[in-house]
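Quick notes on the structure that follows.
No value in this document is a laboratory result; all are computed from the given coordinates. Since the structure is predicted, the reported quantities are computational estimates derived from the model, not experimental observations. Heads up, the Cβs are rebuilt from the backbone with ideal geometry, glycines too, and the neighbour counts pull from every protein chain shown.
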Amino acid sequence: MPSAIYVNLPVADLKQSKAFFESLGFTFNPQFTNDDAAALVFSDTIFAMLHTPQSFRRFTKKEICDARKTTEVLLALQVESREQVNALMEKALKAGGRAPREAQDLDFMFERSFEDPDGHIWEVFWMDPKAMPQA
């Protein structure tokens, strides 16, 4: 079974993307970061590789979509509380992120979303599985 996940994303301006995520409180693994790509660390097992378009093209022959115009994936990050959802969202907005939709409050789950400078959608959510409605 897999032990970690590395999501690979193209970014137009690597320095800008790094600054955005650093302002949210995240770090980069310098061992896997250079002028072409940066290893964004979310946890011990969750990472995002941010690639310049030239670096990203090494891995695919398909056209690279513009996340400001189309959505290929929604990236969801689970946090430990509603307060953490709001805190991360406020940091994202202050750093230049955009809110693509309103918050979702389902009592057992609270979710907000932001777009990073490249238009990738990050959903930040808290969930209490014990409070989930029974099927």
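The selection criterion, being under 19 Å from residue 12 (Cα atoms), β-branched (Val, Ile, Thr) and surrounded by 13 or more Cβ atoms within 10 Å (Cβ to Cβ), does not hold for residue 60. With respect to being in contact with a strand residue (DSSP E or B) (Cβ under 7 Å, 6 or more places away or on another chain) and either over 14 Å from residue 115 (Cβ atoms) or free of Cβ contacts under 8 Å to residues at least 24 places away in the same chain (or both), residue 7 fits the description. Of all residue pairs spaced 6 or more apart or on separate chains, those with beta-carbon atoms under 8 Å, a first member in the range 123-135 that is more than 21 Å from residue 113 (Cβ to Cβ) and a second member that is of a type outside the set (A, V, I, L, M, F, W, C) and loosely packed, with under 10 Cβ neighbours inside 10 Å are 131/107. Taken over the range 90-135, the residue count meeting the criterion of being on the phi < 0 side of the Ramachandran plot and either among the hydroxyl-bearing types (Ser, Thr, Tyr) or touching a Lys or Arg at 6+ places or on another chain (Cβ under 6 Å) (or both) is 6. In the range 76-110, of all residues being polar (S, T, N, Q) and within 23 Å of residue 46 (Cα to Cα), the one that is surrounded by the fewest Cβ atoms within 10 Å (Cβ to Cβ) corresponds to 81. Tallying residues that are closer than 17 Å to residue 80 by Cα, of a type in the set (Asp, Glu) and either out of contact with any strand residue (DSSP E or B) (no Cβ under 9 Å at 6 or more places or on another chain) or surrounded by fewer than 19 Cβ atoms within 10 Å (Cβ to Cβ) (or both) within the range 111-127 yields 1.
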